[in-house]
Amino acid sequence: MLFIFFLILLIASIVLYSKSRNLVGNPFRTFSPIAVGIFALLALLQCFTVIPAGNVGVVDFFGMVSDNTLKAGINPVNPLAKVVKFSVKTQELKEDMDVPSKEGLTVGLEISALFHLTPDMVASIYKTVGENYAQIILVPQFRSVCRGVTASYDAKALYTSERETLALLIRKELANIVEARGISIESTPLRKVGLPSGLAQSIEAKLQAEQESQRMQFVLAKEEQEAQRKRIEAKGIADFQDIVARGISEPLLRWKGIEATEKLASSQNAKVVVIGAGKDGLPLILDTK
């Protein structure tokens, strides 16, 4: 280890300096104090470690792993211990796999798993799994869950809007397995779905037919509403005409004719002779000028 190496060099420099300080003209007499200072500083630096942002450190002292992890920043450590750094940032695991569908078809699936380590459980991961935790725990479980979930769905579900539901179900089942080991699953988005030859066109044709059917239903519903509006309008007009017809009588018409004759007679431009017609015609009106 570096600490032991620098410590040996420091001791050697001190011994060399102590032997050469009484020898006049010996070059080691001048350079030994400088070497002592440098090796002492280097040995002292081994008592500290820097943990980068987004990481935690696990202290391993000859197989004895501390349960307390080191946080980001400068931390004092046992110079003889090994510090293993683990990232707790969001990481992506990409998988391209062939999965079965409910109908027994083989579907090509490109899917990702976004995950991060739980900081308080990093020491446990190091002790029980090691630094290669993703390949040992996450990858096989991820593949197994994907195949198990897709086997319960039709190939159409992987190609339509149900893929979001499928992705949520994969995330939920994967989280139930690996979160107890200290791996938190954020999401499992489906990047690409490859269906067997001809099946994609069949699904697209079926979806197009369903959309056309829904459009025709909308058109028919709109036309039915328009027809209903016209029936209501026609009924209103008929009711109005019926009410008006019941309110018109022969005496009313005679009275309205008399009112019109009076207005015409009193007009300054009344120069027309109006003679009533029929048995009950209007009175004779002559120009008074």
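Worth pointing out:
- For Val65 and Asn176, a Förster radius of 25 Å and the Cβ-Cβ distance give a FRET efficiency of 0.40, rounded to the nearest 0.05.
- Between Met216 and Glu131, the contour length at 0.36 nm per residue exceeds the alpha carbon distance by 24.6 nm.
- For the stretch 49-198, the spread of Cα positions along each principal axis, largest first, Å: 65, 25, 22
- For the stretch 91-196, the relative contact order is 41 percent, taking Cα pairs closer than 8 Å that sit 6 or more residues apart in sequence and dividing their mean separation by the residue count.
- Computed from backbone phi, the HN-Hα couplings of the stretch 123-138 come to 4, 5, 4, 5, 6, 9, 10, x, 6, 8, 5, 5, 6, 7, 9, 6 Hz, rounded to whole numbers (Karplus: 6.51 cos²θ - 1.76 cosθ + 1.60, θ = phi - 60°; Gly and Pro given as x).
- The stretch 50-133: translational diffusion in µm²/s, Stokes-Einstein, Kirkwood Rh over Cα pairs, 37 °C, 0.692 mPa s: 218
- Amide H partners (placed H, <5 Å) of Val107, local residues excluded: Val99, Ser101
- Amide proton proximity set for Asp154, modelled H, under 5 Å, gap of 5+: Lys102
- Distant-in-sequence amide H partners of Thr49 (H built 1.01 Å from N, under 5 Å): Asn75, Val77
- A simple spin-label model places the labels of Asp120 and Ser266 10.0 nm from each other, with each point 7 Å out along Cα-to-Cβ.
FYI, it's all coordinate maths here, none of it is from the lab. Keep in mind that this is a model prediction, so the values were computed, not measured. Methodologically, a virtual Cβ is constructed for each residue, glycine included, from the backbone with ideal geometry; neighbour enumeration extends over all protein chains shown.
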